[in-house]
Amino acid sequence: MSSSGQVLSADAIAALVDAAREGRLPEESQTPQRRRRMRAVDFTRPTKFTADQERRIKRSLEAFCRTAATRLSAELRVPLELEVINSSQLTWANAHGQVLAGSIDAIAEITPLMTRAMLSAEPGLVLAAIELLLGGSEMTEQRERRLSDIDMALARHFFERMLAQLSVIWNDMVGLELSVAQLETHLETAQMVSVSEPTMTFTMEARFNGVSSTIAMLLPWSAIAPVADRFAAREDAPDRGEEEIRRVRRAVGGVDMTVRAEVASIELPIEQVLALQPGDILRLDAPADAGVTLFADKVPVHRAKPGRSGSRRAVQVTERVGRLR
């Protein structure tokens, strides 16, 4: 009987015996060995934060960027844009090592957990904000210099304004508040957790007057561990729409907004604008009885009738712009 289980004939057996005498036995086929599977593990990139937690924290920071940009633009009197451009999960040592040298770090205390996170900004951004808080009229890139006690006080004010906006969002979302515990200007002194602590790093870009700077938030796992399940909660609950509206209104409710009344508008070449003289008439291609449009910044919100209140000009709101569509 062969190794495959087949019964050999007498002639086949005789042939095998002759081959054995002459040393011509066929080589046995080797049994294929199963290859051992190996997987590379990068210990610098932990996976402690789940995808849902990372996604929800990132969305909270995107909302923070919108509200903080509006608040800071009004306070600093210059247009400032904030945007989340990157997120990654690293160990604390690797996340800490990616922060730009010389950055100014705000150690944020998270209550009621009494844990800490870190918000770091490039020195050029902080120095430019300090110049505006001291009465400057233009936000330009600043040369690095040693911060005085007054500079540190104003820098703390700048970080407090940013964290206040994030605190409103996190308070509504998971019941946490953030505040500035202290400022650090040397990275080696900003060691809050063990070097292997899983840490979410979010990088935000701040743009003003053509100048770009970065703000980084380092969130150790231990900072939110007691309430991590709240960050993982699904956002498709039935009352998600109303809750989101309430959060946004609370976050931006106290922000000053410029409202203007516009009769109509027209685009002209620059040479025609320069050629205008007193007494010239411009046709706006809008009905005279159409009233005026109220704009919140650049967004049309209401139609109104022009008028007067005492000795001052005024408008009377008639309808929302959305109803005209």
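The values are calculated or read from the model by the stated rules, or taken from the named source; none is laboratory data. Quick caveat: nothing in here was measured; it's all calculated off a predicted structure. Here Cβ is always computed from backbone atoms with ideal geometry, including for glycine, and neighbour counts include all displayed protein chains.
Looking at the structure I just gave you, is Ser179 part of a strand (DSSP E or B), touching a helix residue (DSSP H, G or I) at 6+ places or on another chain (Cβ under 8 Å) and hydroxyl-bearing (Ser, Thr, Tyr)?
When the stated conditions are applied, Ser179 passes them.
Only one of these is without any contact (Cβ under 8 Å) to a residue 60 or more places away in the chain, under 30 Å from Ala63 (Cα atoms), of a type in the set (A, V, I, L, M) and out of contact with any Phe, Trp or Tyr (no Cβ under 9 Å at 6 or more places or on another chain): Val259, Val321, Val315. Name it.
Exactly one residue qualifies, and that residue is Val321.
What residue, among those in the stretch 112-168 that are basic (Lys, Arg), at pLDDT 90 or above and farther than 24 Å from Trp221 by Cβ, is surrounded by the fewest Cβ atoms within 10 Å (Cβ to Cβ)?
Arg156
Any residue at all in the stretch 33-40 that is at pLDDT below 90, within 28 Å of Ser194 (Cα to Cα) and either of a type in the set (A, V, I, L, M) or over 17 Å from the mean Cα position of the chain (by Cα) (or both)?
yes
Report yes if Leu268 is in a loop (DSSP other than H, G, I, E, B) and modelled with pLDDT of 80 or more, otherwise no.
Taking the combined requirement at face value, the residue satisfies it.
For the stretch 285-325: of the residues being among the small types (Gly, Ala, Ser) and surrounded by 14 or more Cβ atoms within 10 Å (Cβ to Cβ), which is nearest to Ser265 (Cα to Cα)?
Ala286
Collect the residues in the stretch 271-284 that are assigned to a loop (DSSP other than H, G, I, E, B) and surrounded by 10 or more Cβ atoms within 10 Å (Cβ to Cβ), keeping them in residue-number order.
Ala275, Leu276, Leu282, Leu284 - these are the residues of the stretch 271-284 that are assigned to a loop (DSSP other than H, G, I, E, B) and surrounded by 10 or more Cβ atoms within 10 Å (Cβ to Cβ).
Mind checking which residues of the stretch 194-208 are more than 17 Å from Thr47 (Cα to Cα) and over 11 Å from the mean Cα position of the chain (by Cα)?
Arg207, Phe208 - these are the residues of the stretch 194-208 that are more than 17 Å from Thr47 (Cα to Cα) and over 11 Å from the mean Cα position of the chain (by Cα).
Can you confirm whether Arg308 is part of a loop (DSSP other than H, G, I, E, B), charged (D, E, K, R) and either farther than 30 Å from Ser87 by Cβ or not assigned by TED's automatic domain parsing to the domain that holds Leu113 (or both)?
Considered against the rule, which asks whether it is part of a loop (DSSP other than H, G, I, E, B), charged (D, E, K, R) and either farther than 30 Å from Ser87 by Cβ or not assigned by TED's automatic domain parsing to the domain that holds Leu113 (or both), Arg308 comes out as no.
What are the residues in the stretch 196-213 that are among the aromatic types (Phe, Trp, Tyr) and touching a Pro at 6+ places or on another chain (Cβ under 9 Å), if any?
Phe208
In the stretch 285-305, which residue that is over 30 Å from Ser73 (Cα atoms) and assigned to a loop (DSSP other than H, G, I, E, B) is modelled with the highest pLDDT?
The qualifying residue modelled with the highest pLDDT is Gly291.
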